There are 4 protein chains.
Amino acid sequence: MAKQEASLPTKAEKSRNLILHSAAKLFREQGFSATTLRQIAAAARIEAGSIYYYFDSKEAILDEILDRGLRHVFESVKAAVKGAGQATYRRRIELAIEAHLVALLESSDFTSANIRIYGQLQEHLKKPHRPLRRAYARYWDKLFLDARKAGEIRADIEIEPLRIFVIGALNWTVEWFRLDSKDDVLKLARRTQLMVFDGIKK
Amino acid sequence: MAKQEASLPTKAEKSRNLILHSAAKLFREQGFSATTLRQIAAAARIEAGSIYYYFDSKEAILDEILDRGLRHVFESVKAAVKGAGQATYRRRIELAIEAHLVALLESSDFTSANIRIYGQLQEHLKKPHRPLRRAYARYWDKLFLDARKAGEIRADIEIEPLRIFVIGALNWTVEWFRLDSKDDVLKLARRTQLMVFDGIKK
Amino acid sequence: MAKQEASLPTKAEKSRNLILHSAAKLFREQGFSATTLRQIAAAARIEAGSIYYYFDSKEAILDEILDRGLRHVFESVKAAVKGAGQATYRRRIELAIEAHLVALLESSDFTSANIRIYGQLQEHLKKPHRPLRRAYARYWDKLFLDARKAGEIRADIEIEPLRIFVIGALNWTVEWFRLDSKDDVLKLARRTQLMVFDGIKK
Amino acid sequence: MAKQEASLPTKAEKSRNLILHSAAKLFREQGFSATTLRQIAAAARIEAGSIYYYFDSKEAILDEILDRGLRHVFESVKAAVKGAGQATYRRRIELAIEAHLVALLESSDFTSANIRIYGQLQEHLKKPHRPLRRAYARYWDKLFLDARKAGEIRADIEIEPLRIFVIGALNWTVEWFRLDSKDDVLKLARRTQLMVFDGIKK
DNA sequence: AATGAATGAGCGTTCATTCAT
DNA sequence: TATGAATGAACGCTCATTCAT
């Protein structure tokens, strides 16, 4: 069976992952250019030179983090929506919101690092990740579009600004949210779903 | 007349301001630590060493930018709300949203730089600006609190998460918005006001 | 045997020492602030950046040089006096003079750098070395005091000015003396002992 | 009369002198290269740029300080010796010692700056002052030589090391002496004369 | 007679990167 | 698999110097 083919992580794989996680955490906290390879190495309890055994450059680490981060939210959201089956579109979008927030605030730092630092990177660092970013945006757009067709969301605002509004509100949480328990994130998700759909008015 | 008494900016004041504006733009685009003094100097068409005639350090430039940026939104928002007189609270908050967005996306880069880079700065760089940040947050909280007391906004979500949701949605625009005309910002503001108050549902 | 247990200096130790010796020579010749790290690096045949693999800062290099320099004279003088056993005090002081001069003018540049540059350093650079300097001064004072108690040196001049006179005459040699052979230093020592004890009068 | 021909110092002359005195003090305390023109300017209560109205360069200031400093001791010593008339050579040398010490420790900082920093200057800065330095050395040598011919000082030590010993002991005082009153310098001079001639032995 | 504004070379230092071991 | 030693380009910053006013 498939399961049996996934071998246990070797020591090398563990080191590689440790470097990635350490780097993601530091990138998220300090940004890409303020983080030094020596800080990453220290966090991963190796020497700076050793990083080059696993990665070609600092940018290669970034690349992998950005990729994993985005892939992770994307897959979480897709899985959540898929799990909703034929629920209402509102329900599906609510689940997408929850999944996006959970990916952003729980799991590893890959996603939050991505959200936080992407905007300030140099062109050539962003470029390879644009296709996936666009695909993720289009995925949400489709969700909203279907909901609108079904008459579940307002038609007087175009899809794009609508999506930006929603995702923006979600992403900004990364600037202030400090993880305490799973409940917190779910509670946050619940409140956010409410505000997104019904607004703040009474 | 009063106007005539405001002296013209001296050459030195112009240079100082040019440095600040150049720096704010670069900080906003690239972040603080990725921006070099030589880049700032080039943008201000002077030599890197000359910056030190006006500022003690790179951090001193940052300090002034952060301060001016936040002060600018804060004053804009206060003025807008004050100008609303005894309007409904919804109207007052709508004006605050518009003022915040205009300050963020138009005028100089001071505000947008502030919003964008603050989160990743080292503790000692954030510290001096915390009091003003808190005051701004409390200002919004008061707005929301009054609106709730007047029965204009929902009571099932606490004020703080509510404020974070709204300001988050506003601030995130800085990540993608590219200025074209004043109309754009005002249009954006109008849509945002709608979604914030009434939500995205039909 | 013990000798065999002293491990050979590693490559790193050699580099470190080479940097220290190069720096000491340059500090002695040009002073601390006139000496650049690039000069030190060139003298040690490495790149300027490499110095930071071994030292935290230019001041850290200075610290170690000052410390080694003073420690070296102090130990030389103590050893010389100890070696004199129960000789007369005049003899002991004569040996101390010789040891001080030899340490200053032969061996490495650590001692001479110390003597030459200490006076012009900023307070915070002098501070850590003051205790040892005081201890060295007190060591000489004791020597003179004992000699006076034994009736071997004049009692009409206080100990401190007396010590300053003697050490001053010794230290000043560093301003003009150029090493040729061991004989020179010993000859110089002999003459100095004579002048110190008997004066220049016939 | 001659007196009337010496006009009062103009404002410019005063400024020039103030710069020189400020610089000499700082050079003496910190060394030449550690002293900045801005420090000198601040001490003279002018702007750094203004120094160039009076001097061509930092080196030009140094040059004048070195020259004035040495000239000052030299003339003081000559005057003192001349004033002794046909006294014994011991007396003449004693007066020279006193004059040298007074010039070094009282009056301005020109002489002490000279003594303290000369040794660490670059070749091209020392060069112009070498002739006068040599002349001063020869003046002392003549004093000692005459004294020896008259049988007043020992013949078993050559003149040069003897002069270096004496001048060294005098010059070193600049490293530790802090001026309080004229008495102090004269008291110091008297003790030094004693030690130089009769030595420290009982 | 003096300054305010600016320069540019060079400083101490950092850091991603290399490579022999 | 990992490191210790070293590099070199570039960083933030300083400073003697210039020059129009």
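The values are calculated or read from the model by the stated rules, or taken from the named source; none is laboratory data. These figures come from a predicted structure and were not determined experimentally. Note that we place each Cβ from the backbone using ideal geometry, even for glycine, and neighbour counts take in every protein chain shown. Accessible surface is based on the protein model in full, side chains and every heavy atom, while ligands, DNA and RNA are left aside. Shrake-Rupley method; radii C 1.70, N 1.55, O 1.52, S 1.80 Å.
Going by what's in this entry, would C:Thr111 be described as open to solvent by less than 60 Å² (accessible area, probe 1.4 Å), within 12 Å of chain D (Cβ to nearest Cβ) and not charged (D, E, K, R)? Talk me through it step by step, then tell me what you get.
Details: open to solvent by less than 60 Å² (accessible area, probe 1.4 Å): yes; within 12 Å of chain D (Cβ to nearest Cβ): no; not charged (D, E, K, R): yes.
It is false that C:Thr111 is open to solvent by less than 60 Å² (accessible area, probe 1.4 Å), within 12 Å of chain D (Cβ to nearest Cβ) and not charged (D, E, K, R).
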Margin query: Exactly one of these conditions fails for B:Ile51: (1) touching a residue at least 12 places away in the same chain (Cβ under 8 Å); (2) away from DNA strand E (no atom under 16 Å from the Cβ); (3) farther than 23 Å from B:Arg191 by Cβ. Give me its number.
Written below: (2)
Item checked: Residues (within 11 Å of DNA strand F (Cβ to nearest atom), part of a helix (DSSP H, G or I) and under 25 Å from B:Arg178 (Cα atoms)) located in the stretch B:28-37 -> B:Gln30
Notebook entry, point to check: Residue check, B:Ser33 against (1) farther than 26 Å from B:Val174 by Cα; (2) within 16 Å of DNA strand E (Cβ to nearest atom); (3) among the hydroxyl-bearing types (Ser, Thr, Tyr), all met but one. Which one?
Noted result: (1)
Checklist line | Residues of the stretch D:15-39 classified as more than 10 Å from every other protein chain (Cβ to nearest Cβ), of a type in the set (Val, Ile, Thr) and free of Cβ contacts under 8 Å to residues at least 40 places away in the same chain, total | finding: 1
Item checked: Residues of the stretch D:40-88 satisfying the condition of being under 24 Å from D:Val174 (Cβ atoms), within 14 Å of another protein chain (Cβ to nearest Cβ) and either open to solvent by 60 Å² or more (accessible area, probe 1.4 Å) or away from DNA strand F (no atom under 11 Å from the Cβ) (or both) -> D:Glu59
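Could you tell me whether any residue of the stretch C:177-195 is in a helix (DSSP H, G or I) and small (Gly, Ala, Ser)? Reasoning before the result, please.
So the first thing to find is which residues in the stretch C:177-195 are in a helix (DSSP H, G or I), and the list is C:182-195.
Narrowing further to those that are small (Gly, Ala, Ser): C:189.
Yes: one or more hits.
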Check: For the stretch B:167-187, how many residues meet the condition of being surrounded by 14 or more Cβ atoms within 10 Å (Cβ to Cβ) and facing chain A (nearest Cβ under 7 Å)?
Finding: 6
Notebook entry, point to check: Residue check, C:Arg91 against (1) within 16 Å of DNA strand F (Cβ to nearest atom); (2) open to solvent by 50 Å² or more (accessible area, probe 1.4 Å); (3) within 14 Å of chain D (Cβ to nearest Cβ), all met but one. Which one?
Noted result: (1)
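Can you report the number of residues in the stretch B:146-171 which are in contact (Cβ under 8 Å) with a residue 12 or more places away in the chain and not aliphatic (A, V, I, L, M)? Quick ask: steps written out before the conclusion?
Here is the first cut: in the stretch B:146-171, the ones in contact (Cβ under 8 Å) with a residue 12 or more places away in the chain are B:146-147, B:150, B:152-153, B:159-160, B:162-163, B:166-167, B:169-171.
Next, only the ones that are not aliphatic (A, V, I, L, M) stay: B:146, B:152, B:160, B:163, B:171.
Total meeting the criteria: 5.
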Next item on the list: Could you list all residues from the stretch D:18-52 that are within 20 Å of D:His72 (Cβ to Cβ) and of a type in the set (D, E, K, R)?
Entry: D:Lys25, D:Arg28, D:Glu29
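Name every residue in the stretch B:134-154 that is at the interface with chain A (Cβ under 7 Å from one of its Cβ atoms) and closer than 26 Å to A:Asp184 by Cα, in order of residue number. So that I can check it myself, show each step before the final result.
Residues of the stretch B:134-154 that are at the interface with chain A (Cβ under 7 Å from one of its Cβ atoms), as a first pass: B:151-154.
Result: B:Ile153, B:Arg154.
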Margin query: So in the stretch B:117-128, with the set limited to residues that are open to solvent by 20 Å² or more (accessible area, probe 1.4 Å) and in contact (Cβ under 8 Å) with a residue 60 or more places away in the chain, which one is nearest to the other protein chains (Cβ to nearest Cβ)?
Written below: B:Gln120
Margin query: What are the pairs with Cβ atoms under 7 angstrom where one residue, in the stretch D:188-201, is facing chain C (nearest Cβ under 7 Å) and the other, located anywhere, is assigned to a strand (DSSP E or B)? Sequence gap at least six, or different chains.
Written below: D:Phe197/C:Lys201; D:Asp198/C:Lys201; D:Ile200/C:Ile153; D:Lys201/C:Ile153
Next item on the list: Take C:Ile40 and decide whether it is hydrophobic (A, V, I, L, M, F, W, C), away from DNA strand E (no atom under 16 Å from the Cβ) and in a helix (DSSP H, G or I).
Entry: no
